[in-house]
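Visitor: Here's a structure for you.
We did not get these values from a lab; they are worked out from the coordinates using the rules stated. Only a predicted model underlies this, so the values are computations on that prediction, with no experimental measurement involved. With ideal geometry, Cβ positions are generated from the backbone for all residues, glycine too; neighbour counts draw on all protein chains shown.
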Amino acid sequence: MIVDLEKCTGCGFCVRDCPVGAVRLVKKKAVIKESCTDCGACIRVCDPGALVREDVPAAGAVQCDACPIVCWIKPGYIGACHRYKNEDKKLVRVTPLHTYDMVSDVVGPDPIEAIRRPLITAIGAGTTYPDCKPAPAIVKGKKRDVDVVTVVTEAPLSYSGIMVKIDTDVPVGEEGAPVLIGKRKVGMVVTEQYGSKMLSIGGVNLLTGKDGFAVARTITDIANQKPVRLKIEGGSKIEVQVGQTPIINGQRPDNMRVGCGSATLGLFAPLLLESADEVIILDSHVTSLMSEHAAGRFVGARPSGVKLKFEQSTPGRYFGDHGEGWGGTSIIKPVDVITGIDCTVARVGMRILITETTGQKGVMFELNDDGSLVEIPISENARKALKAISSSCEPSLVSAIYMGGTGGSARAGVTLYPVKLTQAVHAAKANLTVGGAPVFVLPGGGINFLVDVGRVKAGSFYWTPTPATICPIEYTMELKDYEEMGGHLEAMRPFTAKKPISVVD
Ligand code: SF4
Ligand code: SF4
């Protein structure tokens, strides 16, 4: 790679996007290091066109043909996807090929059925390109007296993304708001799930858009369980790492909620009735009022005359709002949720407990004879009820589901008749796994799958500057089914756990 110093403006975009850190700025001019692989990522982000490929490859460089980038990798260095290394002018896969036994502790319990567990995983397998070549490893072995074949490849997937689940009530941003890395859009906030905020990162349109390198890197880092700092436009700054507590605006939420405000009341109504005459559970979705709620009436709560500021959905259930206050609502001072008290119904000395769906915060008031509310210490019974709620909450964690579509050309490495592979996957005759982990295959056409990255060995995902994310894909099926679908039998090799095969690219 050559830098045209006249054209280079020192913007640093090449430094930011080079996948192997092969560019630095010296006196505001790009300088290319020896580790450059000629992947061309920097050319695509250099608006003034200051970067130009050299005509002649460097001495000792070997061209990798495992993906369309076709890196020239110099001796001792790695390719743009970090998978291949030039060792003595030969390309080798940096990570060894993993058998299932090497990842079974991460994947989880061993399934019973023979084809549910691959013989080998695609971790360390490498890729073949173009796709009509047989996949890099096709192995045959016996499992529970059944002849089984596993076909593996590290598939570069442009149709890929990751759904990040953040277990918290703490608001992160408006639904639909862009999710940013620095100033670059990598995803968006999508609708919440029960007790969790959800971010969709990547997808083909963002991956192939102007910020595609940042998108590919973000998906891969999250899938590899690395910490990633995100910013929601108009919302929070979040640090996410799969399996860890999220950090939202510098704070770590302890727990996710036990349920919405209505569910919390339904779960703990007997205890709550013992703790106060009236209970309000603040929640951004459904805020509940015990005396009106069916669960409250069932356990014998009496009318209190308390009126709430939110709009009623059904008796005792009110639609909340979103904000920085209690229960993810806009209510900062809990008493402000009460807009009035009907003194013809209320009783002097009546006690009102206000809490939220994690039970972590609580405050108690007593009704004076002049109709005002005075804060009083939390009663012992109220403390017990709050403890019961908070101890029923699960810890606030980040998890993520990688989503990919592998129903395209990558099928050609498995079989001569790609639609037969798709049909076999949907008929559960060919079992798709990712790094040995089970997947959920979306119904309908194609092979679109979801996998919990927490069950895939950390570090098994990569990205390439096409840009696409690279996912370890395994298909396992009975030998007779592989023969029937027109599999690449000529490329099949025997596998026994005692003598694992190696992959040389
Ligand atoms: S060609 Fe690729 S490896 Fe070389 S400097 Fe540019 S981005 Fe980095
Ligand atoms: S990105 Fe990786 S697979 Fe693609 S050519 Fe470069 S080293 Fe090979």
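Visitor: At what distance in angstrom do the alpha carbon centres of region 44-58 and region 316-362 lie from each other?
Guide: Centre-to-centre (Cα) distance: 63 Å.
Visitor: Give me a comma-separated list of calculated 3J(HN,Hα) values for region 127-139, in order, Karplus coefficients 6.51, -1.76, 1.60 applied at θ = phi - 60°, integers in Hz, x for any Gly or Pro.
Guide: 10, 10, 8, x, 5, 6, 6, x, 4, x, 9, 10, 10
Visitor: May I ask you to compute the full-extension gain from V348 to V419, defined as 0.36 nm times their residue separation minus their alpha-carbon distance, rounded to one decimal in nm?
Guide: That pair, V348 and V419, stretches by 18.1 nm at full extension.
Visitor: Please list, in order along region 438-455, the HN-Hα scalar couplings obtained from phi with the Karplus expression 6.51 cos²θ - 1.76 cosθ + 1.60 (θ = phi - 60°), rounded to whole Hz, x for Gly and Pro.
Guide: 3J(HN,Hα) across region 438-455, in whole Hz: x, 10, 10, 9, 5, x, x, x, x, 10, 9, 10, 10, 9, 6, 5, x, 9.
Visitor: With the crude spin-label approximation of a point 7 Å out along Cα→Cβ, what separation in nm comes out for V94 versus V106?
Guide: It is 1.5 nm.
Visitor: Take the alpha-carbon centre of region 111-148, take the same for region 238-314, and report the distance between them in whole Å.
Guide: 49
Visitor: First check a/c for region 2-93, with a ≥ b ≥ c the square roots of the eigenvalues of its C-alpha gyration tensor; if it is under 1.5, answer rounded, and if not, answer prolate when a/b is larger than b/c or oblate otherwise.
Guide: Prolate, because a/c is 1.5 or more and a/b exceeds b/c.
Visitor: Please determine, in degrees from 0 to 90 and to the nearest 10, the orientation of helix 261-275 with respect to the longest principal axis defined by the Cα atoms of the chain, where the helix direction is its Cα long axis.
Guide: 40
Visitor: Once every DSSP H run of n ≥ 4 in the chain is given -39500 (n - 2.57) and the sum is divided by its residues, what mean residue ellipticity at 222 nm do you get, rounded to the nearest 500 deg cm²/dmol?
Guide: Theoretical 222 nm ellipticity from helices: -4000 deg cm²/dmol.
Visitor: If we sort 331-340, 407-416 on the protection proxy, mean other Cβ atoms within 10 Å, highest first, what's the order?
Guide: Final packing ranking: 407-416, 331-340.
Visitor: Using only Cα atoms, tell me the angle between helix 212-223 and the longest principal axis of the chain; keep it within 0 to 90° and round to the nearest 10.
Guide: Result, in degrees: 70.
Visitor: Moving to a separate point now. Given the Cα-Cα distance of V299 and K384 and 0.36 nm per residue of separation, how much length would full extension add, in nm?
Guide: Result for the pair: 28.9 nm of gain on full extension.
Visitor: Among residues other than G340 whose Cβ falls under 13 Å from its Cβ, what is the net charge (Lys/Arg +1, Asp/Glu -1)?
Guide: Summing Lys/Arg as +1 and Asp/Glu as -1 gives 0.
Visitor: Looking only at Cα atoms, what is the convex hull volume of the chain per residue, in Å³?
Guide: Spelled out: Cα convex hull of the chain, divided by residues, is 178 Å³.
Visitor: What is the angle, in °, between the Cα long axis of helix 380-391 and the longest principal axis of the Cα atoms in the chain? Nearest 10 is fine, range 0 to 90.
Guide: Approximately 10 degrees, to the nearest ten.
Visitor: If you take the charge dipole of the chain about its Cα centre, with +1 on Lys and Arg Cβ and -1 on Asp and Glu Cβ, which of G261, M403, S200 is farthest toward its positive end?
Guide: M403
Visitor: Sticking with this one: Read phi for every residue in region 22-33 and hand back ³J(HN,Hα) as whole Hz from Karplus 6.51 cos²θ - 1.76 cosθ + 1.60, θ = phi - 60°, with x for Gly and Pro.
Guide: Values per residue, Gly and Pro as x: 9, 10, 9, 9, 10, 6, 6, 10, 5, 10, 8, 8 Hz.
Visitor: Could you give the length gained on full extension between V374 and R229, defined as 0.36 nm per residue of separation minus the Cα-Cα distance, in nm?
Guide: Once the chain is fully extended between V374 and R229, it gains 47.9 nm.
Visitor: Per-residue counts of other Cβ atoms within 10 Å, averaged by peptide: what ranking do you get for 75-83, 127-135, 374-382, highest first?
Guide: Ranked from most to least packed, the peptides come out as 75-83, 127-135, 374-382.
Visitor: Pop a pseudo-label 7 angstrom from the Cα along the beta-carbon direction at both R144 and K237 and give the gap in nm to one decimal.
Guide: Calculated label separation equals 5.2 nm.
Visitor: With 10 angstrom as the radius, rank D169, D17 by how many other C-beta atoms surround their C-beta, starting from the fewest.
Guide: D17, D169
Visitor: Using a basic spin-label model with each label point 7 Å from the Cα along Cα→Cβ, how many nm lie between K28 and C132?
Guide: 5.2
Visitor: Can I ask one more? Starting from the alpha-carbon convex hull of region 261-391, give the projected area averaged over all orientations, in nm².
Guide: So the Cα hull casts an average projection of 6.8 nm².
Visitor: Here's something else I'd like to know. Let me check against my output: what whole-number percent is the relative contact order of region 2-93, with C-alpha pairs under 8 Å and at least 6 apart?
Guide: Relative contact order for region 2-93 comes out at 24 percent.
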